[in-house]
Amino acid sequence: MDLYLPIAVLGVIAAAFAFGSVGMALVLGPRRYNRAKLQAYECGIEPAVQSVSGGRFPIKFYLTAMLFIVFDIEIVFLYPWAVSFGQLGVFALVEMVLFMGAVFAAYAYVWRRGGLAWD
């Protein structure tokens, strides 16, 4: 249990800092609210009025998120393989070449279809 004590202390310090920072901002921060501060901020774009159902959502955001997940999962599999490459042998090398081929085929497909071009 002594090995986990520094981690626990660090966790307590991090939590105290987080809650303390939020608490200090609430206590010491200015309270001059106006109409502009209470509106939703959308990266400098004037917010558009949407219907109750939420309106249409651009598919580009969904596709970008899916691409991020695909290539993020690739790294999740690639890193442990690279760390233990010396112990795995030729079979693991062939498997990783097949895996990377599939990922690069997906990347080429997305690139050819224009999924990486953001308007």
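Taken together, the values in this text are just the output of simple stated rules run on the coordinates, not laboratory data. What you are looking at is a predicted structure, and each value in this text was computed from that prediction instead of being measured. Here the Cβ is made from the backbone with ideal geometry for all residues, glycine too, and neighbour counts use every protein chain on show.
Here is how the numbers come out for the structure above:
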read-out: Nearest-0.05 FRET efficiency for I59 and M96, computed from C-beta distance (R0 35 Å); value: 0.60
read-out: Distance (nanometres) between label positions extended 7 Å along Cα→Cβ at L10 and D72; value: 2.3
read-out: Distance-filtered residues of the range 67-81 - backbone nitrogen under 20 Å, label point 7 angstrom along L88 Cα→Cβ; value: 70-81
